[in-house]
Amino acid sequence: MPELPEVETVARGLQSALPGRRIVNVRLGKTDFIEDPAALERDLPGSRIESVRRYGKFMLIELQPRDASRSKFSLQVHLGMTGRMVVSSSEEPAPPHTHVFMKLDDSREVRYTDPRRFGLMRIVAGGARDALLATVGLEPLTASESEFRSKVGTRRARIKALLLDQHVLGGMGNIYTDESLWRARVHPRRLGANLSAEEIRRLYRAMRQVLSEAIASRGSSISDFVDSYGLPGDFQRRHRVYGREGLKCFRCGTRIKREIVAGRSSYFCPRCQAPPQERKRKMR
C-alpha cells in the first residue's frame, strides 16, 4: 500500500500540473470504490482545481465550484493498494482498469487506475472535511521532537504499532516504519514508554531522514506504484531491512529476521536491534 513518500510524490506531481485547470467533464467506469458516484458526475464538471495536498496516506484535491455562490469542496483520493493517479494526454490509450477520467480544459486527462479497487474516492466539504482531517495523526515531516515524544514515548504499546497507528502519525506504513526502526536500532516489539530519551531522539531523526530520502527518490516501487507521470520510484534500491529476511545486515552482517509484530510482517536485525527483555514469571 502506498505510504507517505509515495502519496507525497503523487501529490507533488499533481500540484505541479493541475492548479488553475478546470475540469470539463468526468467519465466513470466501475464505481464500487467511489462513495457517491453521482456526486462526482454532478459536482466536478466546471469546477476549478486550486491545489492538491497530502494528509496522512490520502490526498485532497481542493476545488472551486463552477457556481461561485457555492462553498469550496474537496475530492478525497486514497490510492489503496494498487491505485494510480496520472495526468495523461487524452489521446494516449488508457491502461486496463482505468475507472475515472477527468477531462481538463487543456485537453489532458487526470486518470485513476486501480486493478484491485481497494482505493477510495469521495466528495467532502465543510464539517465532513474538518472531521476527516481531525482523524489524522501528527505529520511526521513537520512534527517537533517534543510532539513525537509525547505521542510515542508515553504509551505502553509496541513501538511498531504506535508508528503504524494513523491516529498517532499520519502516513507511516510498514516499509518506512521498519526502515526507521533499523536506523534507530530499536526493536519493533519495544514498548514506547520503555524507550529512553536518546532512543526516541534517534527514532525521530531516523524517521524524518528515511521519509525525506524516500520522497527525494520518488518513493518505493515494490509492485504497482508509479508517480503522477507514470514513472516508478527508486527508493526500494535503498531499503536496508524491509523484505530482506535471511540476508546480511548492512551494518553488522547478522542475518535479518522477520516476525509478526502488531499484525504485520516486521523485518529487523536481531543484533543491532536488541529485543525487549521478557519478564520471568515468579515461581510459587
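The values are calculated or read from the model by the stated rules, or taken from the named source; none is laboratory data. The model shown is predicted, which means the values in this text are computed figures rather than measured ones. FYI the Cβ positions are ideal-geometry reconstructions off the backbone, even for glycines, and counts take in every protein chain you see.
List of remarks:
- Selection within the stretch 254-279 - surrounded by 16 or more Cβ atoms within 10 Å (Cβ to Cβ), outside any strand (DSSP E or B) and at pLDDT 95 or above: ILE256, CYS269, CYS272, GLN273
- Selection from the stretch 18-56 of residues that are under 20 Å from GLY127 (Cα atoms), among the charged types (D, E, K, R) and touching a residue at least 60 places away in the same chain (Cβ under 8 Å): GLU35, ASP36, ASP43, ARG54
- Filtering the stretch 80-115 to residues that are hydrophobic (A, V, I, L, M, F, W, C) and over 21 Å from GLN15 (Cβ atoms) leaves MET81, ALA94.
- Within the stretch 203-253, the residues that satisfy the criterion of being assigned to a loop (DSSP other than H, G, I, E, B), aromatic (Phe, Trp, Tyr) and at pLDDT 90 or above are TYR242, PHE250.
- Within the stretch 192-215, at least one residue is aromatic (Phe, Trp, Tyr), out of contact with any Cys (no Cβ under 8 Å at 6 or more places or on another chain) and surrounded by 19 or more Cβ atoms within 10 Å (Cβ to Cβ).
- Among the residues of the stretch 101-122, those that are of a type outside the set (D, E, K, R), out of contact with any Leu (no Cβ under 6 Å at 6 or more places or on another chain) and crowded, with 20+ Cβ neighbours inside 10 Å comprise MET102, VAL110, TYR112, THR113, MET121.
- First in the stretch 84-113 and closer than 17 Å to ASP32 by Cβ, second anywhere and of a type in the set (Gly, Ala, Ser), Cβ under 7 Å, 6 or more apart: THR98/GLY29; HIS99/GLY29; TYR112/GLY83
- Sole residue being aromatic (Phe, Trp, Tyr) and closer than 29 Å to PRO115 by Cα, chosen from TYR204, TYR176: TYR176
- Taking (1) assigned to a helix (DSSP H, G or I); (2) under 19 Å from GLU145 (Cα atoms); (3) touching a Pro at 6+ places or on another chain (Cβ under 8 Å) in turn, GLY171 satisfies each apart from (1).
- Taken across the stretch 152-160, residues that are part of a loop (DSSP other than H, G, I, E, B), among the aliphatic types (A, V, I, L, M), over 19 Å from the mean Cα position of the chain (by Cα) and modelled with pLDDT of 95 or more do occur, with at least one present.
- Some residue of the stretch 198-206 being more than 23 Å from LYS151 (Cα to Cα), of a type in the set (A, V, I, L, M) and touching a residue at least 12 places away in the same chain (Cβ under 8 Å): no
Here is a yes/no grid of residues against (1) touching an Asp or Glu at 6+ places or on another chain (Cβ under 7 Å); (2) closer than 22 Å to GLY219 by Cα; (3) assigned to a loop (DSSP other than H, G, I, E, B):
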site	(1), (2), (3)
LEU60	no, yes, no
ALA68	no, no, yes
THR82	yes, yes, yes
TYR112	no, yes, no
